[in-house]
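See below for the structure under consideration.
The values are calculated or read from the model by the stated rules, or taken from the named source; none is laboratory data. In this text, all values refer to a predicted model and were calculated from it rather than measured experimentally. Virtual Cβ from ideal backbone geometry, glycine too; neighbours counted across all protein chains shown.
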Amino acid sequence: MGDILNRFQEQTEVKAFVGDRKLKVGIIGTGWIAEAHAVEYMRMPDVEIVAAADLVPGKAEAFCERLGISNVRFYPSHKEMIDQEQLDAVSICTYNCQHAAPAIYALEHGVNVLLEKPFTVTLEEAVQVMKAEKKSGKILTIGFQPRMSANMQMIRKIVESGELGKVYYLQAGGGRRRGIPTPYGTSFIEKETGGIGAVGDIGSYSLDMLLGAVGYPKPLTVSGYTSNYFGTDPDYYADHPEYAKVFGVDDFSAAFIRLEGGIVLDFRISWAMNMDTCGDALILGTKGGLKIPSTECWNGEFDRPLTVFKQVSGQPVQYEIPLIKYPEDFKGFFYEKLRSFVQAIFTNGKAPVPTSEIIYNQAIIDGIVKSAELGREVQIEIPEI
Ligand SMILES: NC(=O)c1ccc[n+]([C@@H]2O[C@H](COP(=O)([O-])OP(=O)(O)OC[C@H]3O[C@@H](n4cnc5c(N)ncnc54)[C@H](O)[C@@H]3O)[C@@H](O)[C@H]2O)c1
């Protein structure tokens, strides 16, 4: 276990930027999640936030003033900022429908990109972003902070160790009982800004956890379902019944997905439902099964250990994987997410959460939305990039 933690610490070492210059970062979109980006960058002595952009006049200025970020230039959108600044990197913290355009623009201008999750809204957009990434040779990483969790990483390690044999079935669990995200307005729930609902917001984390565990096999077909009974009900929102009128995405989705390598994924996710949880996540293999306790996997943690189920000498056996504790100076998953991006730039390294994997995550989300609209199974076809 110590070995895992030591390796984890090695990755977080601070390295001086080549040429003695700090990494120049711009923040695109200064809403809710941008604050976490700014706060973590400010903890890094070799990074400086030099610019911030937001479509809403005065929002970026107020954001920087509130967080005590000085010597920053402000812009009305990603375009002006990228045109006028000499940036090393941007954090794209815009709502989902504004993920693709700033990412493509930044990459086309030679800027490294940390793009918040989900990758995009549609598969077509994700393919366009990847084309720009390929042409640019720059780093593009997708903002899944649970990737930095040693306990989450343990899931993949158990599968890779061969302890479960050949994996053939994945089952997603978790989900929220009442958790449509509207703390700062309606950008998650309007079609024009969020584009997709629970399936993209928290479904993308659940997919990343399970697909990541088995090495991200290519999805082949999807039969998907989406609904929006809660989001469109004025009684759902105690203080803002008017939100029901603008709700234009899904609040629940379920799907049956065939993956390459003879694996099936039984998926469900919820922003709101009349149930406490959709259950534990399961990974079934020929030699063993793994139970991942129902979790808010977007936080990167479990409150109970993983359990492995096996037959030993004909007897059913189960054992728990002890939860890994973090050292006292551990700076948190969000810090590590940003730091791994910064380190990749410093070291000419690879994207910590590569699009070569997340394109499959996006293809499934896209497949669920399309299949639900059509009312039948769809084939997943990913164009050449
Ligand atoms: N990783 C996490 O834990 C986490 C948590 C919350 C949200 N997110 C993701 O972060 C993204 C943003 O979510 P949020 O809740 O902060 O949204 P938000 O609506 O609070 O903020 C988005 C901001 O982007 C601005 N914007 C949109 N397009 C722009 C453009 N082209 N140029 C400049 N500014 C632009 C908007 O005006 C808005 O102020 C979403 O995709 C969401 O899924 C991730």
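Of all the residues in the range 105-116, those that are outside any helix (DSSP H, G or I) and either more than 10 Å from the ligand (Cβ to nearest atom) or farther than 23 Å from F346 by Cα (or both) number 6.
Between a residue in the range 122-150 that is free of Cβ contacts under 8 Å to residues at least 40 places away in the same chain and any residue that is within 15 Å of the ligand (Cβ to nearest atom) and not small (G, A, S), which pairs come within a Cβ distance under 6 Å, given they are 6 or more apart or on different chains? Pairs found: A132/I104; A132/L107; A132/E108; S136/L107; K138/L107. Going by the conditions given, is G288 touching a residue at least 24 places away in the same chain (Cβ under 8 Å), assigned by TED's automatic domain parsing to the domain that holds L170 and over 17 Å from Y205 (Cα atoms)? Yes.
Residues that are touching a Lys or Arg at 6+ places or on another chain (Cβ under 8 Å) and under 30 Å from G31 (Cα atoms) number at least 2 in the following strands (runs of 3 or more DSSP E) confined to the range 172-279: 252-259. Of the numbered criteria (1) in a loop (DSSP other than H, G, I, E, B); (2) at pLDDT below 95; (3) surrounded by 11 or more Cβ atoms within 10 Å (Cβ to Cβ), the one L55 fails is (2). Among the conditions (1) assigned to a helix (DSSP H, G or I); (2) not assigned by TED's automatic domain parsing to the domain that holds G137, the only one that S340 does not satisfy is (2).
The single residue among G203, G224, G162, G195 that is farther than 21 Å from E381 by Cβ and not polar (S, T, N, Q) turns out to be G162. Of the residues that sit in the range 145-171 and are part of a loop (DSSP other than H, G, I, E, B) and of a type in the set (S, T, N, Q), which one is nearest to the chain's Cα centre (by Cα)? Taking the candidates together, the pick is S149. Looking across the range 303-334, the residues that are surrounded by 11 or more Cβ atoms within 10 Å (Cβ to Cβ), more than 15 Å from A150 (Cα to Cα) and aliphatic (A, V, I, L, M) come down to V308, V317. Just to verify a result, which residue in the range 23-59, among those that are among the hydrophobic types (A, V, I, L, M, F, W, C) and within 8 Å of the ligand (Cβ to nearest atom), is farthest from the chain's Cα centre (by Cα)? The selected residue is V56. Residues considered: E80, E124, E48. Of these, the only one that is surrounded by fewer than 19 Cβ atoms within 10 Å (Cβ to Cβ) and assigned to a strand (DSSP E or B) is E48. Please determine whether any residue of the range 83-104 is farther than 26 Å from K370 by Cα, in a helix (DSSP H, G or I) and in contact with a Leu (Cβ under 8 Å, 6 or more places away or on another chain). No, there is no match, as no residue in the range 83-104 is farther than 26 Å from K370 by Cα, in a helix (DSSP H, G or I) and in contact with a Leu (Cβ under 8 Å, 6 or more places away or on another chain). Scan the range 347-385 for residues that are part of a helix (DSSP H, G or I) and surrounded by fewer than 16 Cβ atoms within 10 Å (Cβ to Cβ) and the total you get is 3.
Cβ-Cβ distance below 9 Å, separation of 6 or more or different chains: which pairs start in the range 64-76 with a residue that is in contact (Cβ under 8 Å) with a residue 24 or more places away in the chain and part of a strand (DSSP E or B) and end on one that is within 16 Å of the ligand (Cβ to nearest atom) and of a type in the set (G, A, S)? So the pair list comes out as Y75/G26; Y75/A51; Y75/A52; Y75/A53; Y75/A60.
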